[in-house]
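First the structure, in the form of structure tokens, and then the observations on it.
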Amino acid sequence: MKELNLYKIFRSGFRFLLRIFYKYEVVGSHHLPTTGPVILCANHISNWDPMSLGGAVERQVCYMAKAELFDIPVVSYLVKEFGAFPVKRGGGDRAAIRATMQILDEGKVFGIFPEGSRSKTGEVGEGKSGVALFALKSDAAVVPVAIIGPYRLFRKVKVVVGKPLDLSPWKTEKPTGETMKQVTDFIMDEIRRMIVEHK
């Protein structure tokens, strides 16, 4: 999907709001590859996270969004313009998996929060193995991102973009449940390390 002016306008607007209300700071955005498929993997602490993640990089970030949003006319139009695609909650959605792989095959950036839901404590939870499936079945660069909050008015929120991870030790194997768990844990451990380092 071609990056549209509407996406750029809203990204600039969200950056402006985040900087005013949350002293938004981005570190390491230069680590994002300028071309080719990328999976941005971030921890999830707030509904603001997709905006914080999208605002941290210059390339358009595509996300999964709950299918119900696509039933609301105006909202549906906007989320599609922003590069989102529907996912049905409560189980493996093959259409969403295919859509994700297509995005990566086309050399785009896919943003994902491997925990699947927001952390109620602010601590990084256990990741779900879907992120490992996408990482191992594609040629995408896997880039960890630490979102350091909490989101409190006029307090700093920092987004740290890490270096692409080396998943070559697992790339030689046919993905198994155990392999995907190891990859997922590796990604989440790196996000935890970045949070500790940059707090």
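All of the numbers you see were taken from the coordinates with simple rules; none came from a lab. Note that this is a predicted model, so its numbers are computed, not measured. Here the Cβ is made from the backbone with ideal geometry for all residues, glycine too, and neighbour counts use every protein chain on show.
Descriptive notes on the structure:
- When both bridge partners sit in the chain, DSSP labels roughly 20% of those beta bridges antiparallel.
- Residue pairs exceeding 18 angstrom between C-alpha atoms, taken from Lys88/Lys108; Lys128/Lys181; Lys23/Lys158; Lys108/Lys174: Lys88/Lys108; Lys108/Lys174.
- Extension gain, Ser76 to Lys23: 0.36 nm times the residue separation minus the Cα-Cα distance gives 16.1 nm.
- For Glu68 and Gln102, the difference between the fully extended length at 0.36 nm per residue and the C-alpha to C-alpha distance is 10.1 nm.
- Assuming charge only on the beta carbon of Lys and Arg (+1) and of Asp and Glu (-1), the dipole of the chain about its Cα centre is about 580 debye to the nearest 20.
- R0 of 35 Å, Cβ-Cβ distance Arg155-Asn5: FRET efficiency to nearest 0.05: 0.65
- As a rough guide to protection, the peptides 118-129, 54-65 ranked by mean Cβ packing within 10 Å, highest first, stand as 54-65, 118-129.
- When the Cα positions of Gln60, Ser168, Val26 are compared along the charge dipole of the chain, Val26 comes out farthest toward the positive end, with charges on each C-beta of Lys, Arg, Asp and Glu.
- Cα shape, region 43-105, gyration tensor, a/c 1.5 rule: rounded
- Rounded FRET efficiency, nearest 0.05, which uses the C-beta distance separating Glu58 from Thr176 and R0 of 35 Å: 0.45
- Cleavage-rule hits, GluC sites (Glu not before Pro), region 130-199, DSSP coil, Cβ neighbours within 10 Å at most 13: Glu173
- Once C-alpha pairs closer than 8 Å and six or more residues apart are averaged by separation and normalised to the residue number of region 57-199, the relative contact order reads 19 percent.
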